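The structure appears below as structure tokens.
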Amino acid sequence: MRVTTVGLDADDTLWHNETIFRLTHDRFAALMADVAAPEVLELRLAEIERRNLSLYGYGVKGFTLSMIETAMELTGNEAPSRVIAEILAAGREMLAHPVEPLPGVDAALAQLSEGYRLVLITKGDLLHQEQKLAASGLGDLFAAVEIVSEKTADTYARVFERHGTGAAQAAMCGNSMRSDVLPALEAGAWAAHVPYPLTWDHEVADAPAGHGRFAELASISELPGWVRDLG
């Protein structure tokens, strides 16, 4: 069955994202060094982030609020104003960070757009994701953009039905096994994992060993050839 639609993740698939979060995390750890040891801060921030996902969703704004909440908890609600100001400044800098496509992305998407309908499927803050796509210069290559609160099998089934010919004739590509691969496969699509050097713990999952519709690619440059061979 011929593939007609290719879904692509955005953050850490098309451009850097986790690297920026890690740098800000390190900045936060240094800011809080007199309050908590790095491992204590790490555990508390991770716990608060997970707790807040259902409230704030994914993205910089939720992360910034979680850092503020962590600082408040660790200081007994007495975090100095300079600490809060520094966290807010770090969040603004993340939102304004330049967007540059990862190596091979421009060429791979240009090739794919010649024969397939491309759909951007990403989680995160609506405004920020739209801004990053516009800044990337890749927007014109996509037939549709879906910014969702969570990536589930139902999400992929709905998106590929709306913008394509169904999940059975679609392929999804991304860096997250948990969000980009496993639920896409569950929906009946093909799925390719293109790893990024850093992965947020929340997005880690085991690869679907032996699954006939799954592929591990070394880089996004391999994606056009893989999709073409599916047909």
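So which of Arg44, Arg50 ends up being surrounded by fewer than 16 Cβ atoms within 10 Å (Cβ to Cβ), among the basic types (Lys, Arg) and farther than 30 Å from Pro224 by Cβ?
Within the list Arg44, Arg50, the selection yields Arg50.
Can you name the helices (runs of 4 or more DSSP H) wholly within segment 23-117 that have at least 1 residues being farther than 30 Å from Gly164 by Cβ?
Per the criteria, 38-56, 60-74, 81-95.
Matching residues to (1) among the polar types (S, T, N, Q); (2) farther than 18 Å from Val83 by Cα:
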residue: Thr19; (1), (2): yes, yes
residue: Ala30; (1), (2): no, no
residue: Asp34; (1), (2): no, no
residue: Leu43; (1), (2): no, yes
residue: Leu53; (1), (2): no, yes
residue: Gly57; (1), (2): no, yes
residue: Thr64; (1), (2): yes, no
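Would you mention how many residues in segment 162-185 are in contact (Cβ under 8 Å) with a residue 40 or more places away in the chain, within 20 Å of Ile147 (Cα to Cα) and surrounded by fewer than 22 Cβ atoms within 10 Å (Cβ to Cβ)?
2
What pairs come out if I take residues in segment 84-109 that are on the phi > 0 side of the Ramachandran plot and pair them with residues that are surrounded by 14 or more Cβ atoms within 10 Å (Cβ to Cβ) and among the charged types (D, E, K, R) whose C-beta lies under 9 Å away, six or more apart or interchain?
Within 9 Å, the pairs are Gly104/Glu222.
Just to be sure before I move on: is Tyr56 closer than 23 Å to Val159 by Cβ and in the same structural domain as His25 (by TED's automatic domain parsing) in the structure I sent?
So Tyr56 passes the test.
Where the second residue is of a type in the set (Asp, Glu) and in a loop (DSSP other than H, G, I, E, B) and the first is in the same structural domain as Val105 (by TED's automatic domain parsing) and touching a residue at least 24 places away in the same chain (Cβ under 8 Å) and lies in segment 127-142, which pairs have Cβ atoms under 8 Å and are six or more apart or on separate chains?
Note: pairs meeting the criteria are Ser136/Glu100.
Can you confirm whether segment 60-77 contains a residue that is surrounded by fewer than 19 Cβ atoms within 10 Å (Cβ to Cβ), under 18 Å from the mean Cα position of the chain (by Cα) and of a type in the set (Asp, Glu)?
For segment 60-77, residues surrounded by fewer than 19 Cβ atoms within 10 Å (Cβ to Cβ), under 18 Å from the mean Cα position of the chain (by Cα) and of a type in the set (Asp, Glu): absent.
Every residue in segment 170-182 that is over 15 Å from Leu8 (Cβ atoms) and in contact with a helix residue (DSSP H, G or I) (Cβ under 8 Å, 6 or more places away or on another chain), please.
Met177, Arg178
May I ask you to list the residues in segment 83-118 that are touching a Phe, Trp or Tyr at 6+ places or on another chain (Cβ under 9 Å) and of a type in the set (Val, Ile, Thr)?
Ile87, Val99, Val105
Does segment 118-147 hold any residues that are assigned to a helix (DSSP H, G or I), over 19 Å from Gly104 (Cβ atoms) and within 14 Å of the chain's Cα centre (by Cα), and which are they?
Passing the criteria: Leu126, His128, Gln129, Glu130.
Scanning segment 186-226 for residues that are touching a residue at least 40 places away in the same chain (Cβ under 8 Å) and either small (Gly, Ala, Ser) or in the same structural domain as Tyr58 (by TED's automatic domain parsing) (or both), which turns out surrounded by the fewest Cβ atoms within 10 Å (Cβ to Cβ)?
Of everything passing the filter in segment 186-226, Ser219 is surrounded by the fewest Cβ atoms within 10 Å (Cβ to Cβ).
The values are calculated or read from the model by the stated rules, or taken from the named source; none is laboratory data. Keep in mind that what you see is a predicted model, and the values were worked out from it rather than measured. Ideal geometry is used to build each Cβ from the backbone, glycine not excepted, and the neighbour counts take in all protein chains shown.
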